[in-house]
Amino acid sequence: MISIKHMTIGVTFCLILASSYASADWSSVCVKNQITGKVVYPGDIVEFPITIEKGYNGTDDSWCTMLVKSKPEGWTAGFYEDNDQITNIFFPEDESDPVDVVLKVKTPQNVSDGIYSIWVDIKPDDGDIISREFAITVDTKAEPNIEIYSSTPGIETRSNDPVKYLLTLENKYDHRITVNLDTIGKSENLSVEFLQEIDDEEFRLKTLSLAANSQYDILMGVKPSINLTDGTYSFKVQAVPENGGNGVSLNLNLIINNNLETEEMLTISQSTSSLVLNPGSSKEIYVTLRNNGDETLTNIDLKVQDVTGITAEVRSFGTIDELEPGESWDTSIEITARADASPGTKDLLMRAVSDDTQSQDGRVEIIVEKSDSGGFIGIGMVVVSILLLIVIVRKFGRR
């Protein structure tokens, strides 16, 4: 049989247990968080998401105070909402939308590897204090939660022709991280630089700061040396967290093929490749200059070769200050066969020249022909001149 004493103890225990659950269930706020521990490098800022919402009575207004109860010496920690540091949350009457806050913890640069605890207290206006522990493991040898990849891991080019790789760095942490960029196993015949493009200008990079859960595209320019022999040159690009010992790397290949036909950076084209002119006549052709490269060309001139008996006048054209990648420039040239031009075929050559490069020659074949009507007119003029001379001699010659 169960004694009265044992029944009394059992009832008392049940009442205490019920009281404990009631105090938690009947708080004016409720705290929810799924992540209570993270692995970081020294100097990292680690974030823990926390959701706070109304508790037992959703119709009345309520509030709570948040406090970092304990943390290791030299560490900083605080609560943030939309990047603003906060200490209190107020829930208006008849509003029950939850509030998402973040506990941000900044670890010191010189902290030793180990497991550290952060204790926080959330005190509601009605109910018991709600305490939470968050564990932070500092491990300088941990594998970084970042990724590096490229849509162009292998590029073919000629010696001395620079190329650019498109690299993507992805930060899978939910906090910001800084990485150092470098290459491993690069041939001394290759010069490499990391580039960031801002407002159509390129800047060199060595260190990159990545926001939480973000990815970032950068360019890596590689220039092979002059007369580099054909072959495949492999190397690695590496991203190493600023405060970590390990990094992530990506294999890249540069294939040198000196027999590769390269597209001209600056090209010239004309509306026609052949003209037929009579002495004294002229025709107009249209010329287009185009920048096919990936760099801006400066101080572009259109040069036209002198040809005997032919005059070429470039219309509305001076030196072009700049020609952006993919940009074209149109002009016209009036070509005239002078009156003394001899019949036959002549080649008119033209070339676009910039500070950095020049185009292949554009060629227009000019055929100079004396028309039949022009011959008859000439003969007629000679006959008229002779007749006029005879008349003059007969009329005035005997005086």
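Observations
- Residue within the range 272-279 that is in contact with a helix residue (DSSP H, G or I) (Cβ under 9 Å, 6 or more places away or on another chain) and at pLDDT 90 or above present: yes
- Meets criteria (surrounded by fewer than 14 Cβ atoms within 10 Å (Cβ to Cβ) and outside any strand (DSSP E or B)) for D347: no
- When the range 274-295 is filtered for residues that are outside any strand (DSSP E or B) and in contact with a strand residue (DSSP E or B) (Cβ under 8 Å, 6 or more places away or on another chain), the ones remaining, listed by number, are N278, P279, G280, S281, N292, G293, D294.
- Unique residue being out of contact with any strand residue (DSSP E or B) (no Cβ under 7 Å at 6 or more places or on another chain) and not charged (D, E, K, R) when the list is G221, G231, G244: G244
- All conditions but one from (1) over 20 Å from I320 (Cβ atoms); (2) assigned by TED's automatic domain parsing to the domain that holds R351; (3) in contact with a Phe, Trp or Tyr (Cβ under 9 Å, 6 or more places away or on another chain) apply to R290; the one that does not is (1).
- Residue in the range 73-86 that is surrounded by 11 or more Cβ atoms within 10 Å (Cβ to Cβ), at pLDDT 80 or above and outside any strand (DSSP E or B) present: yes
- Candidate set from the range 224-246 (those that are in a strand (DSSP E or B) and of a type in the set (V, I, T)); member that is nearest to V40 (Cα to Cα): V240
- Check on T331, touching a residue at least 24 places away in the same chain (Cβ under 8 Å) and touching a Phe, Trp or Tyr at 6+ places or on another chain (Cβ under 6 Å): yes
- Entirely in the range 111-213, the strands (runs of 3 or more DSSP E) that have 2 or more residues that are in contact (Cβ under 8 Å) with a residue 60 or more places away in the chain: 114-124, 130-138, 146-150, 154-157, 163-171, 177-184
- Any chance L388 is under 30 Å from L297 (Cα atoms) and at pLDDT 70 or above: no
- Taking first residues from the range 269-281 that are surrounded by 12 or more Cβ atoms within 10 Å (Cβ to Cβ) and partners that are assigned to a strand (DSSP E or B) and of a type in the set (F, W, Y), the Cβ contacts under 8 Å between residues at least 6 apart in sequence or on separate chains come to Q270/Y286; S271/Y286.
- All positions within the range 48-72 that are of a type in the set (V, I, T) and either exposed (fewer than 13 other Cβ atoms within 10 Å of the Cβ) or touching a Phe, Trp or Tyr at 6+ places or on another chain (Cβ under 6 Å) (or both): T59
- Pairs where the first residue, in the range 65-93, is farther than 14 Å from S131 by Cβ and not assigned by TED's automatic domain parsing to the domain that holds T51 and the second is of a type outside the set (D, E, K, R) and at pLDDT 95 or above, C-beta under 7 Å, 6+ apart: none
The values are calculated or read from the model by the stated rules, or taken from the named source; none is laboratory data. Only a predicted model underlies this, so the values are computations on that prediction, with no experimental measurement involved. Here the Cβ is made from the backbone with ideal geometry for all residues, glycine too, and neighbour counts use every protein chain on show.
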